[in-house]
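What follows is one structure encoded as structure tokens, with my remarks underneath.
The values are calculated or read from the model by the stated rules, or taken from the named source; none is laboratory data. Being a predicted model, the structure only gives us computed values, none of them experimental. For neighbour counting, all protein chains shown are included, and Cβ atoms are generated from backbone atoms with ideal geometry for every residue, glycine included.
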Amino acid sequence: MGNRFLELSKIILRPALDLIFPPVCLGCHDRIGKDIDLLCEPCLETISPIEDGFCDVCGSPLDSKDCEVCWDSKIHFDFSRSVFRFDGAIRQMIHELKYNGLTSPVGWLAERAANYLKVNGIYKDIDVIMAVPLHAVRKRERGFNQSELIAREIANRMELAYCEPVKRRCYTESQTHLTKTQRMQNLKSAFVLLPRVDITGKHILLIDDVFTTGSTVNEIARILRTAKPAQIAVLTVARA
């Protein structure tokens, strides 16, 4: 009875809510029809999927045969891919999620990431999904960990287990405006493996929102390696 009343209330109140708070595109903030899924047509056209021309290991888009990300780094994960380039409406949606507390992009982003996983054969053996962890203080400030929300939604859509084998124990400076070298220094001793989670022999999928230099996911992969998983794959929504 209660659920039926709630559904009827939603049906009755929806027109009034749409009038007071009309749906807007998350890319450009123009008004959109209630049947449009978050982005208007012009903003959808700004989205750039990464379909080819990338490094086989780190997933970086390549302009030549040599990968500038991998050549001077020890890579601890097996491979990484990103669904979109970090520009246009994708950039705006992630910004709204991380800095304005708007969680409506989570389902949209997770659906496309899950679809990417389903059609990409290199991800076929995944056992568990995890997210890049936030420090408890930053998570409390933001209200949530955006990568965790996306990862949990992907796990749900893929019918896979979600786990948290790594904890962020240091409150580090924001990585946004740091160089690759500064990011690596900033992350030293930032993460710790939680012994209660057994990932030995497991194929792990590590989820993050944006791959910039790869320092964060690489440091987490280094920590995960001590537990002897079979494989560590990385997927990010976007690639900067």
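For the residues 125, 209, the requirement of being in a strand (DSSP E or B) and modelled with pLDDT of 90 or more singles out 209. The residue that is nearest to residue 117 (Cα to Cα), among those in the stretch 184-197 that are touching a strand residue (DSSP E or B) at 6+ places or on another chain (Cβ under 7 Å) and crowded, with 17+ Cβ neighbours inside 10 Å, is 191. Looking at the structure I just gave you, is residue 164 among the acidic types (Asp, Glu), surrounded by fewer than 19 Cβ atoms within 10 Å (Cβ to Cβ) and without any contact (Cβ under 8 Å) to a residue 12 or more places away in the chain? It is false that residue 164 is among the acidic types (Asp, Glu), surrounded by fewer than 19 Cβ atoms within 10 Å (Cβ to Cβ) and without any contact (Cβ under 8 Å) to a residue 12 or more places away in the chain.
Could you list, ordered by first residue, the pairs with Cβ atoms under 9 Å in which the first is in the stretch 102-130 and within 16 Å of residue 203 (Cβ to Cβ) and the second is hydroxyl-bearing (Ser, Thr, Tyr) and not in a loop (DSSP other than H, G, I, E, B), at least 6 apart or interchain? Sorted first by the residue in the stretch 102-130, then by its partner, the pairs are 117/123; 123/116; 128/162; 129/162; 130/162. Checked against the criterion of being surrounded by fewer than 18 Cβ atoms within 10 Å (Cβ to Cβ) and in contact with a Lys or Arg (Cβ under 6 Å, 6 or more places away or on another chain), the candidates 179, 226, 200, 213 yield just one match: 200.
Within the stretch 71-89, residues that are under 12 Å from residue 217 (Cβ atoms) sit with their Cβ atoms under 6 Å from residues that are part of a loop (DSSP other than H, G, I, E, B), at 6+ positions apart or across chains, in these pairs: 75/57; 79/57; 80/58; 80/59; 81/59; 82/50; 82/59. Within the stretch 177-190, the presence of a residue that is under 21 Å from the mean Cα position of the chain (by Cα) and closer than 25 Å to residue 153 by Cα is excluded.
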